[in-house]
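J.: The following block contains the structure, expressed as structure tokens.
The values are calculated or read from the model by the stated rules, or taken from the named source; none is laboratory data. All of these numbers come straight from a predicted model, not from anything done at the bench. Here the Cβ is made from the backbone with ideal geometry for all residues, glycine too, and neighbour counts use every protein chain on show.
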Amino acid sequence: MESLPPLRDSLAAHGLIANKGFGQHFLLDLNITRKIAKLADLTPDLTVLEIGPGPGGLTRALLETGTRVIAVEKDIRFKPLLEDLAATADGRLTLVFDDALKVDETHLLQGRPAAIVSNLPYNVGTALLIKWLTGPFRPESLTLMFQREVVDRITAGENDEAYGRLAVLTAATASARKVMDVPAQAFTPPPKVTSAVVRLVPSSSPLPEDLLDALQKVTAAAFGQRRKMLRSSLKVLGGENLCQSAGLSADRRAETVDLDGFLSLARALLARTA
Ligand code: SAM
């Protein structure tokens with residue numbers, strides 16, 4: 001690892017510049033990537049799944065902790081540079097050139113306990129989070145960089161401005177905590193907004209799939225018309241009757257309903273369709 005050139009030199013040597021189409025904003029300051037690796041709180045039994053290693057700044061910091069890393073990168077231009085990094089990693093870095101939205105994480109990890117750590121591409125970050133929160137793959141933890149506004153939407157509580165579908169889905173499946181803000185100037189090239197790192201720990205007792213599906217239906221309808229009362233926003237799912245079965249006043253608006261309230265609505269919906 002110590003024989004590696006600075007990240008800027010590696011990028012220059014391979015003639016690589018950021019491609020906005022791939023949501024590329026690189027962290028070239030190893031002090032920041034080391035801090036993120038530390039916040040991931042990795043234990044030796046874990047294999048890290050890193051999405052979008054790009055030039056490998058975060059990958060280097062992860063490898064320095066002694067962990068194994070499986071890195072999934074969509075932009076094939078990074079192959080030679082990342083292969084140079086893998087050559088210094090004593091077999092602890094596995095490279096996969098594929099679209100993270102399509103990969104089967106369970107297959108990649110082959111039953112090993114895993115943690116996801118990523119400076120996510122902003123254009124697919126939320127879609128990836130929903131895949132990990134609702135899919136069959138169950139990492140021990142996720143330490144993820146998003147735009148700060150997205151982290152606010154992940155961690156918001158009821159009555160917060162940022163409270164919506166993503167906050168309810170997150171609360172239903174994991175605990176989430178913002179652990180770091182990262183200013184735009186820390187990236188090359190700088191994005192237009194501040195970023196933040198959130199750490200999520202999936203719940204040890206996941207919700208049954210049908211309940212999770214019903215929860216997604218009620219939150220989609222309720223927050224689809226967030227300023228309206230539930231009797232009206234939930235009309236297609238049963239409106240006033242559904243609220244009554246769930247023990248909630250139909251006069252309420254989505255933004256005031258906590259996770260338990262939405263779970264009651266989801267259970268009532270399941271009971272109606274059973
Ligand atoms: N980890 C690097 C860092 O911190 O400097 C790069 C982070 S950059 C914000 C996002 C990375 O994700 C880029 O390398 C980009 O090519 C990659 N990427 C974008 N879409 C992807 C996808 N669907 N699957 C896998 N990687 C993707």
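J.: When you scan region 231-257, how many residues do you find that are surrounded by fewer than 14 Cβ atoms within 10 Å (Cβ to Cβ) and under 31 Å from the mean Cα position of the chain (by Cα)?
T.: 1
J.: Related question: For region 84-104, check the following and say yes or no: at least one residue is loosely packed, with under 13 Cβ neighbours inside 10 Å and of a type in the set (Ser, Thr, Tyr).
T.: The answer is no, given that none of the residues of region 84-104 is loosely packed, with under 13 Cβ neighbours inside 10 Å and of a type in the set (Ser, Thr, Tyr).
J.: Just one of the numbered conditions (1) farther than 30 Å from Leu28 by Cα; (2) at pLDDT 95 or above; (3) in contact with a helix residue (DSSP H, G or I) (Cβ under 8 Å, 6 or more places away or on another chain) is not true of Asp213; which one?
T.: Among (1) farther than 30 Å from Leu28 by Cα; (2) at pLDDT 95 or above; (3) in contact with a helix residue (DSSP H, G or I) (Cβ under 8 Å, 6 or more places away or on another chain), the lone unmet condition for Asp213 is (3).
J.: Enumerate the helices (runs of 4 or more DSSP H) found wholly within region 44-127, keeping only those where 1 or more residues are under 22 Å from Ser10 (Cβ atoms) and assigned by TED's automatic domain parsing to the domain that holds Leu30. Write out each step before concluding.
T.: Numbers: elements: 57-64, 79-87, 105-109.
Per the criteria, 57-64, 79-87.
J.: Can you find even one residue in region 175-184 that is over 24 Å from Asp29 (Cα atoms) and in contact (Cβ under 8 Å) with a residue 24 or more places away in the chain?
T.: Residues of region 175-184 over 24 Å from Asp29 (Cα atoms): 175-176.
Narrowing the set further to residues that are in contact (Cβ under 8 Å) with a residue 24 or more places away in the chain leaves 175-176.
Checked against the condition, which is being over 24 Å from Asp29 (Cα atoms) and in contact (Cβ under 8 Å) with a residue 24 or more places away in the chain, region 175-184 yields at least one hit.
J.: Being in contact with a strand residue (DSSP E or B) (Cβ under 8 Å, 6 or more places away or on another chain) and either more than 14 Å from the ligand (Cβ to nearest atom) or within 26 Å of Asp104 (Cα to Cα) (or both) is the filter here; which residues of region 4-32 pass it?
T.: His25, Phe26, listed by residue number.
J.: Go through region 191-219 and give me each residue that's more than 20 Å from Asp260 (Cα to Cα) and of a type outside the set (Lys, Arg). Spell out the reasoning first.
T.: Step one: filter region 191-219 for residues more than 20 Å from Asp260 (Cα to Cα), giving 191-199.
Those that are more than 20 Å from Asp260 (Cα to Cα) and of a type outside the set (Lys, Arg): Pro191, Val193, Thr194, Ser195, Ala196, Val197, Val198.
J.: Give the number of residues within region 43-92 that are acidic (Asp, Glu), within 15 Å of the ligand (Cβ to nearest atom) and within 22 Å of the chain's Cα centre (by Cα).
T.: Residues flagged as acidic (Asp, Glu), within 15 Å of the ligand (Cβ to nearest atom) and within 22 Å of the chain's Cα centre (by Cα) within region 43-92 amount to 3.
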